[in-house]
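Inspection log for the structure reproduced underneath, given as structure tokens.
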């Protein structure tokens with residue numbers, strides 16, 4: 001299969017290797033270092049001939065694994081500075097969005113987008129183009145205006161939109177190939193409130209006829225389905241208070257307003273989910289689906305996700321619906337959402353506003369690996385691009401075709417890491433086709 005599935009995070013003083021968040025992957029070495037400063041990162045990079053940086057272990061494949069040495073950015077989590085005039089904040093790469101967001105809010109600022117989970121680190125999220133939702137909202141990587149990396153020789157590389165715009169576009173979604181991201185500067189904006197409403201059982205016919213109107217009905221909109229009926233199980237609409245239309249009616253395109261908070265997987269308690277029922281709250285307490293202090297989603301799961309251009313959304317949804325009976329037994333839920341176009345070299349949204357079809361699978365690896373080629377075949381006419389941190393089986397030659405800047409990216413990597421210090425099995429197979 002194109003994506004190896006064993007991955008591990010350990011603490012270098014520990015005898016028991018750590019796992020990723022979902023528990024499906026065990027990392028391949030016990031040698032894990034936890035630097036507390038950029039200087040320590042530099043020392044470690046100089047010392048070791050093979051090294052891989054890690055964030056918060058939320059990937060489902062081996063993109064952040066190493067057989068040799070791992071460097072965790074867990075303790076690099078400070079806010080360095082906030083420039084209120086330029087509307088930017090500079091943070092250490094290991095900070096989680098759930099840690100940064102309350103700080104920004106207290107300062108009167110916000111990010112334009114957040115992912116479903118606030119538990120993920122800034123550097124790890126941008127490296128894989130992790131996204132969030134909204135027709136007009138770019139993924140988390142698109143907020144980056146500057147990066148600081150420790151590259152293979154231990155020196156520090158600074159890239160910024162002001163002075164190195166194209167190199168920054170290449171490096172932001174860097175897959176960990178260029179070095180260790182130690183600092184990130186993000187664009188921020190004035191803080192805002194969001195109200196979230198949920199509707200249930202939307203007929204699929206409405207999606208086919210009114211897709212763009214439905215996903216444009218709020219600042220961020222998600223559709224959840226298990227593909228077992230000709231309907232969308234739940235529609236989550238997150239609207240900016242005072243800006244977006246208040247979708248507070250009893251119906252929304254044939255779906256009924258929920259009468260209580262719901263989990264995306266309707267059988268699970270909504271205790272871990274962010275507040276719904278139209279109750280306004282700060283952006284960072286509504287844009288994610290899950291609260292920072294709780295275990296998100298279902299926990300023990302696998303995930304896959306594919307990006308297609310928004311003009312193919314309905315065709316792509318219909319294509320997956322045809323596989324519904326095969327998918328159903330192995331699926332918890334599918335989420336359908338949108339992300340604005342960007343110009344980042346390895347972003348799945350490069351030059352295209354995209355719709356993603358996201359699968360949260362039961363932890364049935366063999367069955368999922370049999371299903372993914374079928375799904376990828378159905379989505380092939382739409383040039384679907386996979387999420388870099390989730391499970392996929394597309395051949396490297398397909399990735400090279402669909403990510404047009406991939407060969408240019410490899411040339412840039414050769415410039416900063418000529419001996420492949422940061423290359424691991426995932427990069428060797430998926431990017432270099434070795």
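Just so you know, all these numbers are worked out from the coordinates, no wet-lab data involved. Being a predicted model, the structure only gives us computed values, none of them experimental. Backbone-built Cβ (ideal geometry, glycine too); neighbour counts: all protein chains shown.
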Here the relative contact order (percent) of the chain, from C-alpha pairs under 8 Å and at least 6 apart, is 17 percent
Fraction of alpha-carbon pairs in segment 193-386 farther than 28 Å apart, rounded to whole percent, equals 24 percent
Here the relative contact order (percent) of segment 79-190, from C-alpha pairs under 8 Å and at least 6 apart, is 32 percent
Sorted on mean Cβ neighbours within 10 Å (highest first), peptides 377-389, 138-150, 243-255 come out as 138-150, 377-389, 243-255
FRET efficiency for residue 323 and residue 277 from the Cβ-Cβ distance with R0 = 35 Å, rounded to 0.05, comes out at 0.55
GNM of the chain, Cα pairs under 10 angstrom: of 110, 321, 129, the biggest fluctuation goes to 321
Residue 187 and residue 19 label points (each 7 Å along its Cα→Cβ direction) are spaced in nm at 4.0 nm
Among 176, 328, 93, the residue with the largest mean-square fluctuation in a Gaussian network model of the chain built from Cα contacts under 10 Å is 328
One checks the Cα atoms of segment 214-278 and finds Rg and Dmax, in Å, of 12.0, 37
Mean shadow area (nm²) of the C-alpha convex hull around segment 79-190 is 6.7 nm²
Long-range alpha-carbon pairs in the chain, meaning those over 35 Å apart, account in percent for 24 percent
So, with points 7 Å from each Cα along the Cβ direction, the residue 103-residue 411 label distance in nm works out to 3.8 nm
Per-residue ellipticity at 222 nm attributable to helices in the chain (runs of n ≥ 4 DSSP H, -39500 (n - 2.57) apiece, nearest 500 deg cm²/dmol) works out to -6000 deg cm²/dmol
